[in-house]
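J.: Sharing a structure, written as structure tokens. Questions coming.
The values are calculated or read from the model by the stated rules, or taken from the named source; none is laboratory data. Computed from a prediction, not measured in an experiment: that's the story for all the values here. Every residue, glycine among them, receives a Cβ derived from its backbone with ideal geometry; neighbour counts consider all protein chains shown. Each accessible area value is taken on the protein alone, full model and side chains, heavy atoms only, with ligands, DNA and RNA left out. Shrake-Rupley method; radii C 1.70, N 1.55, O 1.52, S 1.80 Å.
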Amino acid sequence: MEPITLTTERLVLRPLGPPDADAVLAACQNAEIQRWTTIPSPYGREHAEDFVGRISPDGWREDTLYNFGVFTKEGRAEEGSTEEGSTTESGVLVGSMGLLELAGLRGPQRQAEIGFWTAAEQRGRGYTAEAARALARWAFVSLGVERLEWFAEAGNHGSRAVALSVGFRMEGTQRARIVHRGVRRDAWAAALLPSDWQLPSKTPYVLAP
């Protein structure tokens, strides 16, 4: 897949690159990001440089991960805020968001998974939900995704709140689904379908009676 850029009213979603390493490194020092995501802990410069310089571009090239850096427009945080966060050429880094588990796109399942983290100083402004809606619409309209899945370790209420605000429907708790730092943990599961947004799907969907 050739990398692309998505825009919303307040945000730019673009592929990460080496100039973003400092901003990613700063954001990933947050204890909550390290607690709830799979990033290395502790998180050093070598991890940030590997993420923006190898993992993210390789994902696009190999069709294994379509990852975006989420940035505010015009290089600043939301109007009225005194918190600037970590600034790059595209603006203030809000977080990272992408589509993963892309092997399902190449078969009849036509499904993918969304994953994201948000910099601590950018939370509570609706940025992540705004970005997720743009990413989901691109997945449905441009990639033909027919089922977009979300998983988070049970207890990750922030991620769950984002998923619900976007329109994901909770589908329960899956036992021992996530292996996090050598420990199996339960996961909350949810999914978003094109039909939830009145969008068409190539494969007919018949609801259970």
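J.: Which log10 I(q)/I(0) values does the chain give at q = 0.08, 0.10 Å⁻¹ under the Debye formula, counting every alpha carbon as one identical point scatterer?
T.: -0.27, -0.42
J.: Starting from the residue with the highest accessible area, list Ile55, Ile178, Ile33 in decreasing order, probe 1.4 Å.
T.: Descending accessible area places them as Ile55, Ile178, Ile33.
J.: On to the next question. In what sequence, largest accessible area first, do Thr8, Thr203 appear using a 1.4 Å probe?
T.: Reading off the accessible areas and sorting them downward yields Thr203, Thr8.
J.: Hey, another quick one. Would you work out what percent of the accessible area of the chain, with all protein chains in place, is carbon or sulfur (probe 1.4 Å)?
T.: Carbon-and-sulfur percentage of accessible area, whole number: 50.
J.: Working from Cα positions, state the angle (0 to 90°, nearest 10) between the long axis of helix 157-166 and the longest principal axis of the chain.
T.: Compared with the principal axis, the helix lies near 60 degrees.
J.: Along the charge dipole of the chain, pointing to its positive end and built from +1/-1 on Cβ of Lys, Arg, Asp and Glu, which listed residue (Leu193, Gly124, Gly44) has its Cα farthest out?
T.: Going by the charge dipole, the pick is Leu193.
J.: Let me have the 222 nm mean residue ellipticity of the chain computed from DSSP H runs of 4+ only, each contributing -39500 (n - 2.57), with the sum over all residues rounded to the nearest 500.
T.: Taken over the chain, the calculation gives -7000 deg cm²/dmol.
J.: While we're on this one: For Thr72, Thr173, give me the order by solvent-accessible area with a 1.4 Å probe, most accessible first, ignoring ligands, DNA and RNA.
T.: Putting Thr72, Thr173 in descending order of accessible area: Thr173, Thr72.
J.: Using a 1.4 angstrom probe, figure out how much accessible area the chain has per residue, in square angstrom, rounded to the nearest whole.
T.: 51
J.: Please compute the net charge surrounding Pro57, taking Lys and Arg as +1 and Asp and Glu as -1 over other residues with Cβ under 15 Å from its Cβ.
T.: -4
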